[in-house]
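The values are calculated or read from the model by the stated rules, or taken from the named source; none is laboratory data. Remember, it's a predicted structure, so these values are computed and weren't measured experimentally. Here Cβ is always computed from backbone atoms with ideal geometry, including for glycine, and neighbour counts include all displayed protein chains.
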Amino acid sequence: MPPFSQRKHDRVLLALTLLMLASLYAWPLLTWAPNRLLTGHALPWSRLANGWHPLLWLPGMLLLPAWALRPRRLVWLATALAAAALLAGLCGLAGAVAAEEAARTPFGRTSFGAAFWSMALLCWLTAAHCLTRLFPRHSSRSIAHLLLWAPLGLLLASGRMDELSVLKEYANRQDVFDDALWRHVQILLATLLPAIATGWPLGLLAFRRPALRQALFAVLNIIQTIPSIALFGLLIAPLAWLAQTSPWLARAGVGGIGMAPAVIALALYALLPIVRSMVAGLEQVPAAVVEAAAGMGLSQRQILLRVELPLALPVVLAGIRITAVQTVGMASVAALIGAGGFGAIMFQGLAGSALDLVLLGVIPVVALAVVLDALFSFFESLLEIRP
Amino acid sequence: MIEFSRVSKRYHGSLAVDALDLVVGEGQFTVLLGTSGSGKSTTLKMINRLVERDEGEIRFAGRDVRHFEPQDLRRRMGYAIQSVGLFPHWTVEKNIATVPQLLGWSYARTAARVHELMTMLQLDPGRFARRYPHQLSGGQQQRVGVARALAADPEILLMDEPFGALDPVTRAALQTEIGRIHRQTGRTVVMVTHDLDEALGLATHIVLMNQGRIEQQGTPLEILSGPASDFVRDFVGRSDIGIRLLALERVAQHTRTGEILPGEPLLSHNTLREALSAFVARRVDRLPVVDEQGCPAGTLHFSDLIDARHDAR
Ligand SMILES: Nc1ncnc2c1ncn2[C@@H]1O[C@H](COP(=O)(O)OP(=O)(O)O)[C@@H](O)[C@H]1O
Ligand SMILES: [Mg+2]
């Protein structure tokens, strides 16, 4: 099979384009409901094609033939731009349609339909596919992604999408949302910092002592298999007892419910990937390099600080990235024991069957995870580049 | 310079090195030779205490190596290994500067030394100083490895199969290089190899090891012309002994001056082995010889090859 770049057609692009058409055919792009608690029904295509709206579909037209063109830089660049423009256009369209509907019926709610989410994902995949070929280096690719998706942020900030149901939920609960964001970040930091502070030394120790390594990984693996809800539950009783017996702990905010059990449980989960990445990072340092270092008279400490840790760093950073993403997600569940965060908004929405309120909790969690992942990937890629 | 007396080392109860007695003379190029697993690396590593001996005594500069701090000891000995072990995250110059930095040399002195060593090992400093190890060929990496081992002017250079992973051409080039460095600097070298021809070409003193013990030691000529046991005779290759002996001597020593012949000449620094090859290939019994400048130096007769063997005894 000829290498990818020499093939005539880009089959990945073809598949993505076909999936876009299929999802637009099968699912509604936008839905409308008379009020926030009712289930919406699809808005007819006639509503989506008012006045100047069809113009917003133009980038999509550009995307259609892209797969058939001979793959080269210009095509990739144009395709990535078209995909980003298509998604921005769809957001703009949704905002404009929502505003029109709102003018007609004030309590009606316009929401994103299944096709919108699927289009968002497919646009992102299309752009990512092209950027990967355009920028082999991870760091420049991260910057390209940032530039590509910046218009979406501007659109959101401009208020053009404010009449969409999710953003109405946001407007109604701005304080709650901001608190949740702050709390979510708090949980993340309070989990990661202690987990790193104990995980790295434990990893180092486990690397030096194989006997300890087995026992440690056995324990950490068992912790990892406990469902998070069960672990939160298990911590309630002992922490409540602790708070009762030592009032100063209670005054410091420790109790059976709230931040304390959440952070303890999440830190326990975080320990396995952190310890494992430290051990894996140190293990992949070539034995010959360490032998040469010792043979030239570096002390154990110098070997660790100048050779082993710097060479382990990319793997260690990848471990932190995975842990951070995992913690952001799991922190949502911690809302069940009163830790707050975006999980609280999700569960509130679930309880009231207000789908858009659920989304108001889910979207920022996903966004936070994606941003963290990109940020750490960027740092990792900086380490890879050597002139 | 280094003396082993009745040194033993055990791994899981079995002897890797067995009551070894050995003297490494100052300025000598000592080669530890033997098949894989015969205890060469273990012997070498006991010198700089990467491996601690179990019994006996090893003296360096008159003192037991155990009386040195391991780090101090190692900084006085250069160490180069087959897999090179360059630091992948450091540039070539920083790699070479490792030990000078540990010893706290000034920046200017270190930089000058790095430049000098790169030039000596035929690595253009302008091109290679700022490169990372992965941007070098295997041969260039090994040159950096040797430069790094020599950086702080160590009293002794320890090398464990330094050229084992290189292709024959690159290996020959580096062997020539290390031989030249040894002759120029008079530094004491201990090298491990399993390659007989490498040992014969470089060593002033060969230590042939077998199962943790010394089977025979002596100059290359002594080993070839007087194998002490069947093991040695097999190791040096019964049928090839003559050829290998010829490889020990140069054309220059046996050239008949005054006679001038036409034709493709031998070079005076060719070995007699190369001369033999030329005689047989060209089906002649005398060949002209030119010196390193290309001026006629005389002739070599086929019969001189046998005389050479005779003289050497
Ligand atoms: N770290 C070690 N642990 C266990 N056995 C070892 C170790 N190093 C070497 N040995 C054993 O000691 C013997 C000599 O090894 P070595 O000195 O490396 O041989 P050589 O360098 O001549 O190939 C071999 O049988 C080898 O298996
Ligand atoms: Mg060895």
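For residue B:257, state whether it is away from ligand 2 (no atom under 16 Å from the Cβ) and over 13 Å from residue B:30 (Cα atoms). The answer is yes for residue B:257. Farther than 30 Å from residue B:17 by Cβ and modelled with pLDDT under 85: does that describe residue B:298? No, not satisfied.
Under 21 Å from residue B:40 (Cβ atoms), aliphatic (A, V, I, L, M) and within 12 Å of another protein chain (Cβ to nearest Cβ): does that describe residue B:157?
It is true that residue B:157 is under 21 Å from residue B:40 (Cβ atoms), aliphatic (A, V, I, L, M) and within 12 Å of another protein chain (Cβ to nearest Cβ).
Annotation: of all residues in segment B:132-170 being outside any helix (DSSP H, G or I) and of a type in the set (Ser, Thr, Tyr), the one that is nearest to ligand 1 (Cβ to nearest atom) is B:137.
Inside segment B:27-72, residues that are surrounded by fewer than 19 Cβ atoms within 10 Å (Cβ to Cβ), among the hydrophobic types (A, V, I, L, M, F, W, C), away from ligand 1 (no atom under 16 Å from the Cβ) and within 14 Å of chain A (Cβ to nearest Cβ) make up a count of 1. Please indicate, with yes or no, whether at least one residue in segment B:79-94 is surrounded by fewer than 23 Cβ atoms within 10 Å (Cβ to Cβ) and on the phi > 0 side of the Ramachandran plot. The answer is no, given that none of the residues of segment B:79-94 is surrounded by fewer than 23 Cβ atoms within 10 Å (Cβ to Cβ) and on the phi > 0 side of the Ramachandran plot.
If you go through segment B:218-257 and keep only what is among the polar types (S, T, N, Q), without any contact (Cβ under 8 Å) to a residue 24 or more places away in the chain and more than 16 Å from residue B:206 (Cβ to Cβ), you end up with just B:239. For segment B:170-183, the count of residues that are within 14 Å of chain A (Cβ to nearest Cβ), crowded, with 17+ Cβ neighbours inside 10 Å and either of a type outside the set (D, E, K, R) or within 16 Å of ligand 2 (Cβ to nearest atom) (or both) is zero. Condition test on residue A:324, is it away from every other protein chain (no Cβ under 14 Å), more than 18 Å from residue A:384 (Cα to Cα), crowded, with 16+ Cβ neighbours inside 10 Å and touching a residue at least 24 places away in the same chain (Cβ under 8 Å)? Answer is yes for this residue. Scan segment B:5-15 and tell me whether some residue there is away from ligand 1 (no atom under 12 Å from the Cβ), crowded, with 20+ Cβ neighbours inside 10 Å and either acidic (Asp, Glu) or in a strand (DSSP E or B) (or both). The answer is yes; a qualifying residue exists.
For the subset of segment A:6-59 comprising residues that are of a type in the set (S, T, N, Q) and in a loop (DSSP other than H, G, I, E, B), which member is surrounded by the most Cβ atoms within 10 Å (Cβ to Cβ)? Per the criteria, the residue is A:50.
Taking segment A:268-307 as the range and being within 14 Å of another protein chain (Cβ to nearest Cβ) and surrounded by 20 or more Cβ atoms within 10 Å (Cβ to Cβ) as the test, the residues that pass are A:281, A:285, A:289, A:292, A:293, A:294, A:295, A:296, A:297, A:298, A:307.
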